[in-house]
Structures are given as structure tokens and as C-alpha cells.
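Report on the following structure.
The values are calculated or read from the model by the stated rules, or taken from the named source; none is laboratory data. No experiment lies behind these values; they were computed from the predicted model shown. FYI the Cβ positions are ideal-geometry reconstructions off the backbone, even for glycines, and counts take in every protein chain you see. All accessible areas refer to the heavy atoms of the entire protein, side chains included, with ligands and DNA or RNA removed. Shrake-Rupley method; radii C 1.70, N 1.55, O 1.52, S 1.80 Å.
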Amino acid sequence: MKVIPGLEGIAVAETDLSLVDGQKGLLLYRGHLVKKLAVSHSFEEVVYLLWMGQLPSEKEREDFQRLLSENRALPEHIYKLIIQISSRADLMTVLRTAISALPLTNDWPPTLEQGAKVLAVIPTMISCWYHQVQGTDIPVIRQDLNHTAHYLYLLKGQEPSEAHVRALNAYLILTAEHGMNASTFAARVVTSTQSDLLSALTAAVGALKGPLHGGAPSEVEEMLDEIRSAESAESWMRARLESGERLMGFGHRVYKTQDPRAQALRQISEELSVEDDWFQLALETEQTALRLLEEYKPGRRLYTNVEFFAAAVLRAVGLPKALYTPTFALSRTAGWCAHIFDQADHNRIIRPQSLYTGTIPQED
Ligand code: SDX
């Protein structure tokens, strides 16, 4: 029996949900190029594609959009729970807790309607925490705005600009699904025991919270805030690499070439923030980081990953750093649910082994 650290290169399922081709830098959802979907479809249409296997007709889109918009309100006990823990819990902890307490039945197999009800209410959970921490009022829920526009409206209390909706919609689509990443695998393991959808999503949120996975975009912003100028980027990053630490926003288990999402998000953030000094610093810091990574880690093929320019886009549409990873969870709930349904469809409990290195008592 051979131990494969981190299950690197091990396939644990067959699925037509998505293709993450790390050699070609290609990402497909159900056979569609994600970079094209990001600029030609709404987040809801792509969620429908992931869950149903094909893009919706006009009527199917309207019905799905209505199912989401009719389920945006927070149950009273969830609202009280969020208010009660907001002052001493970060938002990913609040999301993990609030999702686990939603009043959904333990149906088996998990249903699309359950998935839609969770997806619909996450923006409201985020805005509830945000306004509680800010000391501002939560805007009245509306049903006439799509998922992306309504999320920005819930945070800002006014209708967002077309440019911000377009940019965030593209971000949500680009980060909705990504094969067997750590948080999706966590959701599949829980589903494989025939546990419920909320338990699987709670496990996924817990996994995404980690800085090596979904926790990276806010660390990218913190890195740029500490670096402050292009002149100090090299010394700051050398110190970090010398101490064996990682540069957030670089490297990937699968992509050994440019992450296609990073390319798409770089272009979106260029359109949004080309005059912004912070963004110019980001572009220069990226080039310095890539040069230093080749110097310190030659041959590891460490490229810019999705998180580096995710920080730039989320910052450009006006989200505070504390909302970066929760917004990633908002989008990835689409992929998590798709994999939960996929796992339940042809299920077998996920149960690898471990290689025992301890002692074995002599038989007396
Ligand atoms: C996401 O899996 C997914 O699909 C994830 C994701 C998704 O959409 O779900 O794409 C989202 O999680 C993106 C990644 C966000 N995380 C970060 O930006 C954190 C920084 N990156 C890393 O810690 C790292 O690159 C990982 C965790 C992303 C990947 O780690 P691996 O594949 O396990 O690589 P490794 O730890 O085995 O590293 C290989 C070598 C090591 O050096 P040596 O031990 O061989 O000397 O490369 C080095 C590492 O030290 N290395 C880095 C580095 N990433 C890897 N060195 C410095 N900075 C980095 N960022």
C-alpha cells in the first residue's frame, strides 16, 4: 500500500461537472469554457448549468431566478443567531454556524430545492453580519434584482453600478466550481455517508476557511498593504521566502501554468481599476513574486492563482477584506451543491486507508 500525500494526482470520482486541466490552463463547466460563461451569462444561469447539466431556457431561467429571489429572507432564529455571535466571530465562522442551523429537513437524496434555499440566503447572512458589525441597518430585501446585484445592494443599501454587477457576476461564475478541491472533497466525504446537505456544506465552509485554500484573497490584500510600494516588494517577499513562508495568491496543486481564472480576473480588474495606485502595485508585485518564486523554488512552476486578482476585483467593487472569503463561499456553494448531488446520484462511502507505522505487540 503506497501513501500519496494530499491525495496528489489521485482521481476519486468520474464526473462531467467540470474539467480543471492544469497543463493547458483550461477550465470547463459541463463542456462550456468558463472564461466565456463569465462574460456571457448570469450567475444563476451558470448555477442551473452546473446543477441540471445544461443552460436554462428563458422560462427555466425565470423559474430558477424566482426560486432564489423568493428564498432570500432569513428565518428569525438565524437572524438572532447571527446578531448574537457577530461581535466575537469572524464571518466564515458565522456562515459555518448559520448554514448548519438552517431549518431544512434531512432529505436523502439532497434536493435541488434545498440547494437553492441555501444559495439564496447566504448573501442575506453575509449582509446581516456586515451591518451588525458596522452598526448600520440591513436594507429591505428585494425580489426585482438578480443574485449578484442583490448581494451588492444588500451591502451598500443602494442599487450597484452596471460595471460592478458585471465584474462581480464574472467573479462569482469564475469561482463557482473547481473540481475536487479540498472544500468540495470535504462535502463529498460527508455526503458519501448519506448525511444531509447542510452537514456537507458546513464541512465545506470549514475547509474553505483555511488560508491555503479560500482564505488567501484577504491575505493577498494584507501582503500588498504591508509592501506599500514597488520598491519594497522585493525585500518584503525575499524575507518571507527566506523564512520558508508562502506568498499568498501563488501556486496551485493542479495548475502548473497560468490559472485561467487569474487571467480573466486580471483583465476585469484592469477595466475597473486601471488608474488605481493599489492595482498598479499589485501588477508590479505579481511580476516580482513570479521572478522570486523561480529563484527560490526553481522548477516548481508556481504561477499566479485565482486569489491574487480575486482580491483586486472584490476590492474594486467595494467589498471590505472581511467579505472576500465569505463571497468565495457564496459562489462555491454552487459547485459544492453540484458535487453533493453528483455524489448522492451514484454513492459509495469514501473511505481511504492509512499505513500503520506503530508497533504490534508480540502474541503471548
Ligand atoms: C485555491 O485546489 C483548488 O482548486 C483550490 C482553488 C479552488 O478554486 O478551489 O483553486 C482555490 O485554494 C487557490 C490557492 C489559494 N492558496 C494560496 O494562494 C496559498 C499559497 N499557495 C500555496 O500554499 C500552495 O501553492 C497551494 C496550497 C495552493 C498548493 O500547494 P501544493 O500543491 O500542496 O504544493 P506544495 O505545498 O507541495 O508546494 C510545492 C513546493 C514547496 O516547496 P518545496 O517543499 O518543494 O521546497 O512549492 C512551494 C512549497 O514550499 N510553494 C510555494 C508556494 N506554493 C508552493 N512557495 C512559496 N509561495 C507559495 N505560494
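Of note:
- Complete set of residues in the range 105-148 that are surrounded by 22 or more Cβ atoms within 10 Å (Cβ to Cβ), of a type in the set (G, A, S) and either in contact with a Lys or Arg (Cβ under 9 Å, 6 or more places away or on another chain) or touching a residue at least 60 places away in the same chain (Cβ under 8 Å) (or both): G115
- Just one of (1) open to solvent by less than 10 Å² (accessible area, probe 1.4 Å); (2) more than 14 Å from the chain's Cα centre (by Cα) fails for T357. It is (1).
- In the range 209-223, the residues that are closer than 23 Å to A187 by Cα and more than 10 Å from the ligand (Cβ to nearest atom) reach residues that are among the hydroxyl-bearing types (S, T, Y) and not in a loop (DSSP other than H, G, I, E, B) with C-beta atoms within less than 9 angstrom, at least six apart or across chains, in these pairs: K209/T93; K209/S183; K209/T325.
- Positions within the range 271-286 being open to solvent by 70 Å² or more (accessible area, probe 1.4 Å) and within 22 Å of S161 (Cα to Cα), in sequence order: E271, V274, E275, D277
- Evaluation of L319 against (1) assigned to a helix (DSSP H, G or I); (2) crowded, with 16+ Cβ neighbours inside 10 Å; (3) away from the ligand (no atom under 11 Å from the Cβ) (one fails), failing number: (1)
- Test: residue in the range 167-175 that is within 29 Å of Q23 (Cα to Cα), in contact with an Asp or Glu (Cβ under 8 Å, 6 or more places away or on another chain) and modelled with pLDDT of 95 or more: yes
- Among (1) open to solvent by less than 40 Å² (accessible area, probe 1.4 Å); (2) assigned to a loop (DSSP other than H, G, I, E, B); (3) within 13 Å of the ligand (Cβ to nearest atom), the one test that G299 misses: (1)
- Filtered by the rule that a residue be near the ligand (Cβ under 8 Å from one of its atoms), open to solvent by less than 30 Å² (accessible area, probe 1.4 Å) and either closer than 20 Å to D225 by Cα or β-branched (V, I, T) (or both), the range 242-269 gives L247, M248, G249, F250.
- The range 77-98, subset surrounded by fewer than 19 Cβ atoms within 10 Å (Cβ to Cβ) and under 21 Å from the mean Cα position of the chain (by Cα), residue nearest to G206 (Cα to Cα): T93
- Flag if L74 is open to solvent by 10 Å² or more (accessible area, probe 1.4 Å) and under 23 Å from the mean Cα position of the chain (by Cα): yes
- Any pair with Cβ under 9 angstrom, 6 or more apart, that starts in the range 252-277 at a residue that is outside the structural domain of K297 (by TED's automatic domain parsing) and ends at one that is of a type in the set (D, E, K, R) and open to solvent by 50 Å² or more (accessible area, probe 1.4 Å): none
- Meets criteria (in contact with a strand residue (DSSP E or B) (Cβ under 8 Å, 6 or more places away or on another chain) and without any contact (Cβ under 8 Å) to a residue 24 or more places away in the chain) for D63: no
- Subset of the range 1-48 that is acidic (D, E) and within 16 Å of the ligand (Cβ to nearest atom) - its residue that is farthest from N146 (Cα to Cα): E8
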